[in-house]
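Q: Quick one: this structure, given as structure tokens, is what I'll be asking you about.
The values are calculated or read from the model by the stated rules, or taken from the named source; none is laboratory data. Just so it is clear, the structure is predicted and the values come from calculations on it, not from any experiment. All Cβ positions, glycine included, derive from the backbone under ideal geometry; neighbour counts span all protein chains shown. To get the accessible areas, we keep the full protein, side chains included, count just its heavy atoms, and leave off ligands, DNA and RNA. Shrake-Rupley method; radii C 1.70, N 1.55, O 1.52, S 1.80 Å.
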Amino acid sequence: MQTQCSESRIEFHGLGDRVLTTDFEGGNIVSDGGVPLIAEVDRMFGVLQRYAECFTDHRDQDAIEHSVLDLVRQRIYGLCLGYEDLNDHDRLRADPLIAACVGKEDVDGQQRRREADRGMPMAGKSTLNRLELAKAGADADSPYCKIVADLDGMANLLVDLFLDVHPEPLEEITLDIDPTDLGLFGDQLGRHFQQHYDGYCYLPLYVFCGEFLLAAQLRPGDVGAMSGALPLLQKIATRIRERWPNVRITVRGDGHFSDDRLMSWCEATPGLEFIVGMPSNARLMKEVQEAQRQMASEFVASRKSEEDGGEQQDPPRTFVEIEYRTLDSWSRSRRVVAKVEHLPGKTGGSVSACAVATAEKKAVKAEQRVAEARSAAAAAATHADEQQQRAKRLACLANTMTTAAPRDHGEQAKLLRANAKSTQKQARRAEVLTRKEQRAAATAERRVEVLEAQAAAARTEADWLSEQARWEGKSNVRFVVLSLPAEELGGRAAYEDGYCPRGDAENRIKEQKYLFAGSLPCEQMRANQIRLYQCSFAYVLCALLRRFGLAGTEMSQAQCPTIRARLFKIGGLIRVTTRRVWAHFSSSYPYRELFAQVLANLRRHAAELAHRRRGLPDLPLPGDSPPQLAVT
């Protein structure tokens, strides 16, 4: 049966004895029924009220219909709901449920000043972009964009929200710092090609404490990981210590941050520790060779035990303590912990056959250079000896001629004395040449010693790689450098409990990208930094919802896309009455119990907050109140 369409209905193929018929007369139905949960979290902590205070509005207040608070709520709620671009808001602006949560009294937009805007209670893209495009020095006399952002205030607010969430100071916190790439596809200022990421990008720097975002600093694509990292950490640590003076802070990062400047700052600051990754090098790998052999042997023994019917065992793992200092980049020696484990895999998994062949070829060439150098040194020594014998003969001849020459003034006597003097000069020149040849011979001998040491090192490396190539499985070695002594934090605890949880920060960065942190199309970096902050505060709202609303539920560890799909994307019929905005959700919504539990958790926590914040009403907290919502 073919699809039949009319202005009022659309019919699809038959379903048994019935015909599937659709129309667009269901009423005012929305697809983002979960937005009240976002608004509930927002008003509970006053997140976007405080974020809006980071803007200075130079517009004529008598001529505007959308306050800065309305604009930031509309934009950031949209990011939480999955609307990436400002263009989306040209359609989203008519949504009455989002308008109610934003705080609009006229949720159906019938009281707008312009006839063309009626029916659309919220702002369109051309108004929303004023949040991003105003220059730093804009004022009331600027021609267009007059809403000026205070970037320092936004950065401070991220830290303040983290502090405000905790009713009591924490004894110890860990700051995870990590760079990432945000791909670019235009001619944005500050974009550069990064070989590592194989594309043009920005390299923003993120700082997290657990799931809390403390910093999102946009940087050009041509900087190193440490660029701006130390001032950023100093600023965050100082602001935290103003409220929590006795908190112990640990800075944690990957191998990019094993920088002497950062570590020296931590060592010089009381109550500040660090644990960061350490790139491997030949000196460090030499320290763990014996541990690698031992783990390879234990791996073979465990495999044999399993084959004989024993229980399956975890890959063998050990930890090696190393007191290490770089040749020139570190100001002092520091504690390095090496994790050495042997993982399952095929024989030769620790090293490639190409690497073994290359090392063997290098060792053979080094040994050939030693043989050539020895031959050259022997020739130089022989030549020096011959020159020394010639110098001795000339010196003896010169003495004989000088002694035999007469002392009179005859012509023959003068000729003999001249010959003797010439021979003496030849003897002195021969002595000079002898010393030169001796120095050349000594240099050749020293070169032999150097080449012998290099050849020995190359042969040792080749033999070591050949040995690893015969191992079954794969050796896995990682290094971390830390300030805590072994008495306080052992090697295993330092790596497994101290360093490995750093990987969770990478999951938080992925959530930022799920909230469109990678969508930075503005030409200027300042505008893109504001966009990055918008995504950051969208993440803050989702993280607070997860922490306080989803606690104790099966989604307590859910990421932003899952929260959006299950709690925000709810179909509902909207009815607007004099006193209420009704949102009638689908009766077949599969997560209605979870939705109710989340709202109950938020209300309970809001009551606790109101009890601690004396003089403040229960709900809503900071910010203006939207029209009353009724959800059925």
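Q: Hey, which lysines would be in cross-link range of LYS436, C-alpha to C-alpha under 29 Å, not counting anything within fewer than 8 residues on its own chain?
A: Correct list for LYS436: LYS392, LYS421, LYS425.
Q: Still on this structure, I have one more. With the Cα gyration tensor of region 561-607 giving a ≥ b ≥ c as the square roots of its eigenvalues, does the rule (a/c under 1.5 for rounded; else a/b larger than b/c for prolate; else oblate) give rounded, prolate or oblate?
A: In terms of gyration-tensor shape, oblate.
Q: Taking only complete DSSP H runs, can you tell me which helices of the chain stretch 20 Å or more along their own long axis by Cα positions and average at least 1.0 on the Kyte-Doolittle scale?
A: For the chain, where a helix must reach 20 Å along its axis and average at least 1.0, the hits are 151-165.
Q: List, largest first, the extents of the alpha carbons of region 9-101 along their principal axes, each in whole Å.
A: Principal extents (Cα only, largest first): 63, 30, 21 Å.
Q: Then there is this: Could you tell me the ratio Rg/Rh of region 492-568? Both radii from Cα atoms, Rh via Kirkwood.
A: My calculation puts Rg/Rh at 1.08.
Q: Calculate, for LYS425 and HIS383, the FRET efficiency according to 1/(1 + (r/R0)^6) with r their C-beta to C-beta distance and R0 22 Å; round to the nearest 0.05.
A: According to the calculation, E is roughly 0.50.
Q: Then there's this: Return the whole-Å distance between the Cα centroid of region 112-151 and the Cα centroid of region 382-455.
A: Rounded to whole Å, the Cα centres lie 94 Å apart.
Q: Taking the alpha-carbon centroid of each part, what is the distance from region 238-272 to region 529-554 in angstrom?
A: Measuring centre to centre over Cα atoms gives 26 Å.
Q: Also, quick follow-up: Could you tell me, in Å, what Rg and Dmax come out for the Cα atoms of region 42-157?
A: Using the Cα atoms of region 42-157, the pair Rg, Dmax is 14.0, 41 Å.
Q: So, one more: Would you mind estimating how fast the chain diffuses translationally, via Stokes-Einstein at 4 °C and 1.567 mPa s with the Kirkwood radius over Cα pairs, in µm²/s?
A: Here the translational diffusion coefficient equals 41 µm²/s.
Q: Sticking with this one: Using 0.36 nm per residue, how much length does the chain from GLN313 to ARG112 gain when fully extended, once their Cα-Cα distance is taken away?
A: The span from GLN313 to ARG112 would gain 65.3 nm if fully extended.
Q: Kindly provide the helix-only [θ] at 222 nm of the chain, computed as the sum of -39,500 (n - 2.57) over DSSP H runs of four or more divided by all residues, to the nearest 500 deg cm²/dmol?
A: Value at 222 nm, helices only, nearest 500: -14500 deg cm²/dmol.
Q: Oh, and also: Expressed in nm to one decimal, what extension gain is obtained for the pair GLU372 and ARG390 from 0.36 nm per residue of sequence separation less their Cα-Cα distance?
A: Answer, rounded to one decimal: 3.8 nm.
Q: When only alpha-carbon atoms are used, what values of Rg and Dmax, in angstrom, describe region 450-605?
A: 26.6, 94
Q: How large, in percent, is the carbon and sulfur part of the accessible surface of the chain at a probe radius of 1.4 Å?
A: Of all accessible area on the chain, carbon and sulfur atoms account for 49 percent.
Q: Hey, another quick one. What's the FRET efficiency of TRP330 with SER556 using the Cβ-Cβ distance as r and R₀ = 41 Å, to the nearest 0.05?
A: 0.45
Q: Would you kindly compute the Cα radius of gyration of region 305-418 and its largest Cα-Cα separation (Dmax), both in Å?
A: Spelled out, the Cα radius of gyration and Dmax of region 305-418 are 35.3, 113 Å.
Q: Taking every pair of alpha-carbon atoms in region 462-511, what share in percent sits in each 10 Å bin, from 0 to the bin with the longest distance?
A: 19, 30, 27, 22, 2
Q: Then there is this: What whole-number value in Å² describes the accessible area per residue of the chain for a 1.4 Å probe?
A: Accessible surface, normalised per residue, equals 51 Å².
Q: Continuing with the same structure: Could you give the dipole magnitude of the chain about its Cα centre, charging the beta-carbon of Lys and Arg +1 and that of Asp and Glu -1, in debye to the nearest 20?
A: 2880
Q: May I pose another question? Could I have the simple spin-label model distance between VAL364 and ILE29, label points 7 Å from Cα toward Cβ, reported in nm to one decimal?
A: Label-label distance for VAL364 and ILE29, simple model: 7.6 nm.
Q: Report for region 151-287 the percent antiparallel among DSSP-assigned beta bridges with both residues inside it, nearest 5.
A: Antiparallel: roughly 60 percent of the beta bridges in region 151-287.
Q: Moving to a separate point now. In whole angstrom, and with the biggest value first, how far do the Cα coordinates of region 402-532 range along each principal axis?
A: That gives 111, 52, 35 Å along the principal axes, largest extent first.
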